[in-house]
Each structure stands twice: as C-alpha cells, then as structure tokens.
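Inspection log for the structure reproduced underneath, given as structure tokens.
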C-alpha cells in the first residue's frame, strides 16, 4: 500500500505542477515576449509564430516539472531510512 501511495503522490504532484507552470507560462510569457521583441527589436509576431511559442513553452513546462520532481525525489530519498 505504501508503494501505491507514493506513486499516487508523484503522479498527483507532477500533474498539478505541470498544469500550474503551464498556466503561468502560457498566460504571461507570450505577451511579455511579443512586447519585448516589438519594443527592442522592432519585430512583429504573426499568429503563426504565436502557436510555436506556446508549444515551446509547454515543452519547457514539462521539462521543468520533470526536473523539479527529480529534485524532490532526491531530497526525500534519504529520509526513508529508519535511522532518521
């Protein structure tokens, strides 16, 4: 039962973090990037570039979530010993 609880824990928090990071990045970063590039470089984004920017942000969110979950696992890995 302990294994099932830990698997549920990691799946739940992985999904929650991925959704949260994706929501923040997709909601705020594209407008900041478009404003930054148009103001400082004079570039204007079309709707085609906007879709690839969103896709890149979602893949980055997935990568960041995997890295965070690995760090959480490594941090709590040594805490399962009975001597602690």
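None of the figures in this text is laboratory data; all of them are computed from the coordinates on show. Everything numeric in this text was worked out from a predicted model, so none of it was measured. No Cβ is skipped: glycine too gets one built from the backbone with ideal geometry, and neighbour counts run over all protein chains shown.
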Report yes if residue 10 is touching a residue at least 60 places away in the same chain (Cβ under 8 Å), surrounded by 10 or more Cβ atoms within 10 Å (Cβ to Cβ) and either in a helix (DSSP H, G or I) or in contact with a helix residue (DSSP H, G or I) (Cβ under 9 Å, 6 or more places away or on another chain) (or both), otherwise no. yes
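Looking at the stretch 40-48, can you tell me whether even one residue there is part of a helix (DSSP H, G or I) and surrounded by 13 or more Cβ atoms within 10 Å (Cβ to Cβ)? I'd like the intermediate steps shown before the answer.
Looking only at the stretch 40-48, we keep the residues that are part of a helix (DSSP H, G or I), and these are 40, 47-48.
Narrowing further to those that are surrounded by 13 or more Cβ atoms within 10 Å (Cβ to Cβ): none.
No, because not a single residue in the stretch 40-48 is part of a helix (DSSP H, G or I) and surrounded by 13 or more Cβ atoms within 10 Å (Cβ to Cβ).
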